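To keep things clear, I will list the structure first and then write my remarks on it.
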Amino acid sequence: MEKQIDETLNIGSEVTLAAATKEHPELIKNVKIGTIGSIKQVRKIMKDAPYKFSESIGREKWTGSESGPELDWPAVEAAYRQAFNIVLDGGLSEEEYERVDEQGIEELEKIITRFL
C-alpha cells in the first residue's frame, strides 16, 4: 500500500545525503520517479555540464589558456543544483546543500546519472 501511495506521489527510493551530527539529524531525501518530462528537463540542463558534480564543487571560473578552453565551474555546479531540484522530492535547500557529505555527493552523482 505504501509503495502504491509513493508511486502515486511520484516518489521513489530514499537516499542519505548526510550523516547525523550533533547539530543536525541525518539528511534523507526521496528521489522522484523518472518521467519522460523530468528526464528531458535534466538532460537539457546537463547538456552544457560535461563534468562530474564532484569536480565542480567550489571551483572558480577558469579562463582559457594554451592548455584548454575557458571553463565556468560555478555554472556547472549551478546546473547540477538545478537538476537536483528536479529529481529530489522537495529539492535541496541552501542549508541542505551545504550539509551534503562525501557519501551524499556520490549518491547525487548516481541519481543524476540515472536521469541521463
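The values are calculated or read from the model by the stated rules, or taken from the named source; none is laboratory data. Since the structure is predicted, the reported quantities are computational estimates derived from the model, not experimental observations. Every residue, glycine among them, receives a Cβ derived from its backbone with ideal geometry; neighbour counts consider all protein chains shown. The area values use the complete protein model at the heavy-atom level, side chains included, leaving out ligands, DNA and RNA. Shrake-Rupley method; radii C 1.70, N 1.55, O 1.52, S 1.80 Å.
Here are the numbers:
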| quantity | calculated |
| --- | --- |
| Residue check, LEU108 assigned to a loop (DSSP other than H, G, I, E, B), open to solvent by less than 50 Å² (accessible area, probe 1.4 Å) and of a type in the set (A, V, I, L, M) | no |
| Residues (more than 20 Å from SER93 (Cα to Cα) and in contact with a Phe, Trp or Tyr (Cβ under 6 Å, 6 or more places away or on another chain)) located in segment 35-58 | ILE39 |
| Checking ARG59 against (1) basic (Lys, Arg); (2) surrounded by 12 or more Cβ atoms within 10 Å (Cβ to Cβ); (3) outside any loop (DSSP other than H, G, I, E, B), the condition it does not meet | (3) |
| Count of residues meeting criterion [at pLDDT below 95, closer than 15 Å to VAL87 by Cα and not polar (S, T, N, Q)] in segment 16-39 | 7 |
| Hits in segment 62-80 - residues which are open to solvent by 60 Å² or more (accessible area, probe 1.4 Å) and closer than 27 Å to ILE33 by Cβ | none |
